[in-house]
Amino acid sequence: MNHKVFALVIFVASLTFYGCAAEAQPTDLPAKEPAEITAQPTIVDPDQQIPAAPKELEMRDPLLISPLDPIAGEEDMIAGPVMVKEIESILKESNPVQVLLRVAGDLPTPCHILRATLTHDAGSKRIEIELYSLTEEDLMCIQVIQSFETIIPLGEYSPGDYEVYLNGDLVDEIKL
C-alpha cells in the first residue's frame, strides 16, 4: 500500500514540475506601439488670480499644513474628538532648541479636519496642546475612520526641563 501512495505522490509531483517547466508559446497578437505624448505646457499670466480650491478639496494633508493654522469658516464648524495612537517629541539641534511633536492617530471621518491649539506661558515649564477635529455641522460624509500623522511645531525653548501635555495628559518630559 505504501508503494502505491509513494508512486502516486511522485506522479503528481512530476506533472506539477512538468507543467511549470513547459515553454511559453508565442502569441499571434500584434505588438502595440507606444502612445505618443502630446502634452503642452500651460502658460499662466502672473497677474491672473487663481481660484481657491473647492471646500471638499480643502481636506488637507496634515504633514503639509500645520494643525495650528486657522481654517476659513472655523467659527461655524463643530468640534469632534481625535484618537491619538503615537506621540514623539523631536528636538531640532538649533540655538535656541526647536521642539516639535509628531502625533499619529485617527479622525472620526475623512470630513473632519485636524486642529490644535498651543499654550505656553513664558515663565512656565508646561507646554499644553489641545488636539481636536472640526467638521461642518450638516455635512454628509462616509462613516469610516481617517488616519492622520502630523508634526506640530511647539516653538523654541531655552535650556531647562519641560512637561508636554496633550489634551490634559502628560505625554513627555523634555530636558534641554
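Looking at the structure I just gave you, is LEU154 surrounded by 14 or more Cβ atoms within 10 Å (Cβ to Cβ) and touching a Ser or Thr at 6+ places or on another chain (Cβ under 8 Å)?
Working: surrounded by 14 or more Cβ atoms within 10 Å (Cβ to Cβ): yes; touching a Ser or Thr at 6+ places or on another chain (Cβ under 8 Å): no.
Answer is no for this residue.
Residues in segment 53-81 that are at pLDDT 65 or above, touching a Ser or Thr at 6+ places or on another chain (Cβ under 6 Å) and farther than 17 Å from ASP138 by Cβ: 1 in all.
Looking at segment 71-80, which of the residues that are of a type in the set (D, E, K, R) and loosely packed, with under 11 Cβ neighbours inside 10 Å is farthest from TYR162 (Cα to Cα)? Before you say what the answer is, go through the steps one by one.
Initially, segment 71-80 is screened for residues of a type in the set (D, E, K, R), giving 74-76.
Next, from what is left, pick out any that are loosely packed, with under 11 Cβ neighbours inside 10 Å: 75-76.
Details: GLU75: 32, ASP76: 35 Å.
Only one residue tops the list, namely ASP76.
Looking at segment 110-176, what strands (runs of 3 or more DSSP E) fall wholly within it and have at least 3 residues that are modelled with pLDDT under 90, of a type in the set (A, V, I, L, M, F, W, C) and at positive phi?
On the way: elements: 113-119, 126-135, 146-157, 161-166, 169-175.
Ranges flagged: none.
Would you mind stating whether MET83 is of a type outside the set (S, T, N, Q), surrounded by fewer than 17 Cβ atoms within 10 Å (Cβ to Cβ) and touching a strand residue (DSSP E or B) at 6+ places or on another chain (Cβ under 6 Å)? In short, yes.
Is segment 94-110 home to any residue that is surrounded by 13 or more Cβ atoms within 10 Å (Cβ to Cβ), touching a helix residue (DSSP H, G or I) at 6+ places or on another chain (Cβ under 7 Å) and not aromatic (Phe, Trp, Tyr)? It would help to see each step written out before you state the result.
Within segment 94-110, the subset surrounded by 13 or more Cβ atoms within 10 Å (Cβ to Cβ) is 97-110.
Adding the requirement that they be touching a helix residue (DSSP H, G or I) at 6+ places or on another chain (Cβ under 7 Å) leaves none.
No, because not a single residue in segment 94-110 is surrounded by 13 or more Cβ atoms within 10 Å (Cβ to Cβ), touching a helix residue (DSSP H, G or I) at 6+ places or on another chain (Cβ under 7 Å) and not aromatic (Phe, Trp, Tyr).
Every test in (1) surrounded by 15 or more Cβ atoms within 10 Å (Cβ to Cβ); (2) over 17 Å from ILE78 (Cα atoms); (3) aliphatic (A, V, I, L, M) is passed by VAL144 save one, and that test is (1).
The values are calculated or read from the model by the stated rules, or taken from the named source; none is laboratory data. All values reported here derive from a predicted model rather than from experimental measurement. Note that each Cβ is placed from the backbone with ideal geometry, even for glycine, and that neighbours are counted across all protein chains shown.
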